[in-house]
Number of protein chains: 4
Amino acid sequence: MRQAIGHRTWAIAEGYIPSHSHGPEPAMTSHETACLLNTAEEDAHVKITIFFSDREPVGPYFVVVPARRTMHLRFNDLRNPAPIPRDTDYASVIESDIPIVVQHTRLDSRQAANALLSTVAYPES
Amino acid sequence: MRQAIGHRTWAIAEGYIPSHSHGPEPAMTSHETACLLNTAEEDAHVKITIFFSDREPVGPYFVVVPARRTMHLRFNDLRNPAPIPRDTDYASVIESDIPIVVQHTRLDSRQAANALLSTVAYPES
Amino acid sequence: MRQAIGHRTWAIAEGYIPSHSHGPEPAMTSHETACLLNTAEEDAHVKITIFFSDREPVGPYFVVVPARRTMHLRFNDLRNPAPIPRDTDYASVIESDIPIVVQHTRLDSRQAANALLSTVAYPES
Amino acid sequence: MRQAIGHRTWAIAEGYIPSHSHGPEPAMTSHETACLLNTAEEDAHVKITIFFSDREPVGPYFVVVPARRTMHLRFNDLRNPAPIPRDTDYASVIESDIPIVVQHTRLDSRQAANALLSTVAYPES
């Protein structure tokens, strides 16, 4: 039986969803993604809090990453308690009841040629 | 004699192989790569497990990184027990019998202008 | 009450602000950003020192990241004690009186198609 | 007096210098860079070893990063004991006599639109 890999608390200081996109939807829609990996034999209950530069944090957003699964969560799709505004700087804290691994990716298709960035998120130890 | 640098367990939460490419093959084929570095004086026996969002994990895939060598392993090339489906979210766990270093890179050539991302993978301590 | 996440000292060894840009300002201006996240219930007092390849370090630059806020600080905007020269290699050290999280991003629009890079900064432990 | 920040041993598992470039030289020449930051009050004596997939490691290459300076070292420029071959997978280990910070960047201008990647290197603890 595989052990849970990772940490319970992660932070992504970068966040920005462009309002404009080029190319076929949804693959080429500008998006920010938190890739969540749960290697454990039990579900991970995850809550996400969004921080802004000029207003109080919003959240938590709740998602479940099932046992032995990955979830590539688009911040674009978060709805409850509120969608994330476009063209706005934000950051996020991701907390799970069991260890998970978090990687941050953005596809930016504001221009005809898309750009990509990715980094493992910051794990709080 | 150089000591082995790195960790025995690594995770890459991001994974996605686009099915479309532009430009000359194979250099410009859209691909995901795990760059593995073995600085030790003995071979590293590595097994890779692939996680998905909607089905059970697949693997292990076995590779050997010889002593004092690097291997830039394209996930596109994994065949046994099964090729990795295109246009599908996945994640990976990489386990070695001796410490290695793992870095993750994607070249995305779905559009005429390619995009690159890279990050050191998450080392489990 | 949420605890402060992160470290007090961070380093970004990469730094380069291109003097040329394509696309609408300011979103598409070539820029280097340090994304700072303060999850604590008190303000973070941050000082930034800039290192060069051929002259003495410049700084500190002072910024305040309010409690429960993120600040996506463009190095382009630093003025006091001196603006950061364009087309020049630099690096930075970021020190805070309470733990914060730092991520480094560059949007490079020297060419018509912009490029992006991002990585969590190096946390000194 | 500022303390040295960082680690003495770093690894970059990714390495690849494309032989083709677009755009004005040298800024837009395809290149791989190791950004080295020495925050200490004394010089850092650094040696770099290059690993390949199919031959013995080459090195060490020696560089000095002066006190309170950054050096953005292009692997393209390494000459002694041998230049790094183009279009060839490699990896690197960077060792310093005092702690430094290392970040890895590639500008890929094989196509008209350049692509960028960057990540903090792997610090051996």
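Data overview
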item: Given (1) under 21 Å from B:SER118 (Cα atoms); (2) open to solvent by 10 Å² or more (accessible area, probe 1.4 Å); (3) modelled with pLDDT of 95 or more, number of the condition B:ASN38 does not satisfy; result: (2)
item: Single residue of region B:69-101 satisfying the filter (of a type in the set (Lys, Arg) and assigned to a strand (DSSP E or B)) that is farthest from the chain's Cα centre (by Cα); result: B:ARG69
item: Residue in region B:102-125 that is nearest to A:CYS35 (Cα to Cα), counting only those that are modelled with pLDDT under 75, assigned to a strand (DSSP E or B) and hydrophobic (A, V, I, L, M, F, W, C); result: B:LEU117
item: Every residue from region B:64-82 that is crowded, with 18+ Cβ neighbours inside 10 Å and without any contact (Cβ under 8 Å) to a residue 60 or more places away in the chain; result: B:VAL65, B:ARG69, B:THR70, B:MET71, B:HIS72, B:LEU73, B:LEU78
item: Qualifying residue in region D:9-19 (condition: within 12 Å of chain B (Cβ to nearest Cβ), at pLDDT 95 or above, open to solvent by 10 Å² or more (accessible area, probe 1.4 Å) and part of a strand (DSSP E or B)); result: yes
item: Cross-chain or 6+ apart pairs with Cβ under 6 Å, region A:48-60 first and within 7 Å of another protein chain (Cβ to nearest Cβ), then part of a strand (DSSP E or B) and charged (D, E, K, R); result: A:SER53/C:ARG69
item: Among (1) open to solvent by less than 10 Å² (accessible area, probe 1.4 Å); (2) modelled with pLDDT under 95, the one test that D:ALA4 misses; result: (1)
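The values are calculated or read from the model by the stated rules, or taken from the named source; none is laboratory data. Keep in mind that this is a model prediction, so the values were computed, not measured. Here Cβ is always computed from backbone atoms with ideal geometry, including for glycine, and neighbour counts include all displayed protein chains. The area values use the complete protein model at the heavy-atom level, side chains included, leaving out ligands, DNA and RNA. Shrake-Rupley method; radii C 1.70, N 1.55, O 1.52, S 1.80 Å.
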